[in-house]
Amino acid sequence: MSEFWLISAPGDKMNLQAWERMNTVTSKSNLSSNSKFHIPDLKVGTLDALVGLSDELGKLDSFAESVIKKIAQYIGEVMEDSKDKVQENLLASGGLKDKMKCLQIDLISYLTRFEWDMAKYPIKQPLKNISEALAKQVTQIETDLKTRSAAYNNIKGNLQSLEKKTVGNLLTRTLSDIVHKEDFVLNSEYLITLLVVVPKSNYLQWQKTYESLSDMVVPRSTKMIAEDAEGGLFTVTLFRKVMDDFKAKARENRFMVREFYYDEKELKCEKEELMKLASDKKQQYGPLLRWLKVNFSEAFVAWIHVKALRVFVESVLRYGLPVNFQAMLLQPNRKSVKRLRDVLNTVFKHLDEVAAASIMDILNLT
C-alpha cells in the first residue's frame with residue numbers, strides 16, 4: 001500500500017481556504033494527490049475527556065494497525081502465494097453511497113472516498129463510546145484470529161511433518177507408500193526380512209556378495225523394490241539370530257540396513273492420518289480465507305475510523321471551539337516527500353510549526 005498523510009488545518013466558515021491553498025501548491029507541482037477527508041459533526045464533550053481520549057486513541061491506532069498487518073501477513077501464509085495475489089484480496093467494504101456499503105473496494109479508493117459509517121458508529125453518542133466500540137471490535141478480531149490461526153497452523157504443521165517424511169532419500173523417507181506385505185516374510189519364528197539401501201554404483205557388488213555377508217542368508221532372496229537418484233532399496237531374508245552380524249558386515253561394505261519392521265496396521269494408520277490432515281486442511285482453507293478477507297476489511301475500516309476520530313480530537317485540542325477545521329488526505333509523490341513537507345510547512349507557517357509537524361507525523365498512513 002502507498003503512503004498517505006492525513007492532516008488538518010483550521011478553516012474559514014466554508015473550510016475552503018485551507019483546502020484550496022494546500023491543494024493549489026501541492027497538486028499543481030505534482031507533489032501529491034489530494035482529497036478531502038470527510039469527518040462528521042461528532043460530539044465534542046469536555047476538554048478533560050478530549051485530553052484523556054487523545055492518549056487512548058494513539059494506543060488504539062497502533063493496536064489496530066498491528067492487527068490489520070497480522071491479518072494481511074497471515075493471508076499470505078494461508079494462500080502460500082505471491083505478494084500480488086495476496087494484495088488482490090486486501091479490500092475494504094464501503095463507498096460513497098449506502099448501496100455501495102456492501103461492496104468490496106481497494107484500500108486506496110476506500111481512503112480517498114472515506115465516509116463515516118453512521119450505522120456502526122452513531123455520531124450522537126460520546127466520543128468515548130465510539131472509541132470503546134472500535135477497541136472492542138478490533139480486540140475481538142485479534143482474539144478470533146489467534147484462535148483460528150492456531151487451529152489451522154496445527155493441522156498445517158502436522159501435515160507438513162508427515163509430508164516431509166515422504167520426501168528425501170531412501171535412507172530417511174517413510175516407506176509406507178513403497179513397501180507391500182508380499183515383500184516380507186512375516187510371522188516367522190526364525191526368519192526375518194531386512195531392507196537394505198545400496199548405492200547405485202554398488203548394485204553389482206550387492207548381488208555378488210549379499211549371500212556371503214553372513215551365515216544363514218536365504219539364497220536368491222534379494223529383490224529391489226524402490227529406487228531413487230542415489231540408490232536402490234533391496235529386501236533380503238535371513239535367520240533372525242544372524243541379523244546383528246549381517247548388519248555389521250553390510251555396513252562395512254557400504255550397504256545400509258534400514259531399521260524397519262513391517263506393521264500393516266501402523267502403515268495403514270500413517271496413510272490415513274496423512275489423508276485426513278490433507279482433507280482437514282482443504283476443508284478449512286476456504287472458510288478461513290473468507291474469514292480473513294472479511295475481517296481484514298472490518299479491521300481496516302475500524303482503523304480508518306480511529307484515524308478520523310484522532311484527527312477530530314487532535315484538531316479540536318489544537319484549534320479550539322467552535323469546531324472548524326478541514327481534514328485532508330495526501331498521497332505524496334515518492335520522489336517529492338521532502339519537498340512536500342517543506343511546502344506544507346511554508347503554507348501553514350502561521351500555525352504552530354512544531355504542533356503542525358507533530359500531528360502530520362502521528363497520522364502517517366502506511
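The values are calculated or read from the model by the stated rules, or taken from the named source; none is laboratory data. Since this is a predicted model, take the numbers as computed values, not measurements. Methodologically, a virtual Cβ is constructed for each residue, glycine included, from the backbone with ideal geometry; neighbour enumeration extends over all protein chains shown.
Tally up the residues in segment 27-46 that are assigned to a loop (DSSP other than H, G, I, E, B) and without any contact (Cβ under 8 Å) to a residue 40 or more places away in the chain, please.
Count: 2.
Kindly establish whether Leu317 is in a helix (DSSP H, G or I), surrounded by 13 or more Cβ atoms within 10 Å (Cβ to Cβ), in contact (Cβ under 8 Å) with a residue 60 or more places away in the chain and not small (Gly, Ala, Ser).
For Leu317, the condition - in a helix (DSSP H, G or I), surrounded by 13 or more Cβ atoms within 10 Å (Cβ to Cβ), in contact (Cβ under 8 Å) with a residue 60 or more places away in the chain and not small (Gly, Ala, Ser) - is met.
Here is a check on your reading of the model: is Asp81 at pLDDT 95 or above, under 30 Å from Trp291 (Cβ atoms), of a type outside the set (A, V, I, L, M) and in the same structural domain as Gln331 (by TED's automatic domain parsing)?
Taking the combined requirement at face value, the residue does not satisfy it.
Quickly run through segment 145-182 and pick out the residues that are among the polar types (S, T, N, Q), under 27 Å from the mean Cα position of the chain (by Cα) and part of a loop (DSSP other than H, G, I, E, B).
Thr166, the sole residue that qualifies.
Within segment 117-133, can you find the residues that are touching a Leu at 6+ places or on another chain (Cβ under 8 Å) and in a loop (DSSP other than H, G, I, E, B)?
Matches in segment 117-133: Tyr121, Ile123.
Sort through Arg254, Arg290, Arg339 and tell me the only one that's touching a residue at least 12 places away in the same chain (Cβ under 8 Å), more than 30 Å from Leu47 (Cα to Cα) and exposed (fewer than 15 other Cβ atoms within 10 Å of the Cβ).
That would be Arg254, the only listed residue that is touching a residue at least 12 places away in the same chain (Cβ under 8 Å), more than 30 Å from Leu47 (Cα to Cα) and exposed (fewer than 15 other Cβ atoms within 10 Å of the Cβ).
Looking only at segment 188-243, count how many residues are in contact with a Gly (Cβ under 8 Å, 6 or more places away or on another chain), in a strand (DSSP E or B) and either more than 27 Å from Arg173 (Cβ to Cβ) or hydroxyl-bearing (Ser, Thr, Tyr) (or both).
Residues flagged as in contact with a Gly (Cβ under 8 Å, 6 or more places away or on another chain), in a strand (DSSP E or B) and either more than 27 Å from Arg173 (Cβ to Cβ) or hydroxyl-bearing (Ser, Thr, Tyr) (or both) within segment 188-243 amount to 0.
When segment 123-141 is examined, which residues are found to be under 10 Å from Ala302 (Cβ atoms) and among the small types (Gly, Ala, Ser)?
Selection gives Ala133, Ala135.
Being free of Cβ contacts under 8 Å to residues at least 12 places away in the same chain and over 26 Å from the mean Cα position of the chain (by Cα) is the filter here, so list the residues in segment 121-144 that pass it.
Result: Pro122, Asn129, Glu132.
Could you tell me which numbered condition Ser27 fails, if it satisfies all but one of (1) hydroxyl-bearing (Ser, Thr, Tyr); (2) at pLDDT 85 or above; (3) surrounded by fewer than 15 Cβ atoms within 10 Å (Cβ to Cβ)?
It is condition (2) that Ser27 fails.
Would you confirm, using the coordinates I've provided, whether Tyr262 is under 30 Å from Glu163 (Cβ atoms), over 38 Å from the mean Cα position of the chain (by Cα) and not β-branched (Val, Ile, Thr)?
yes
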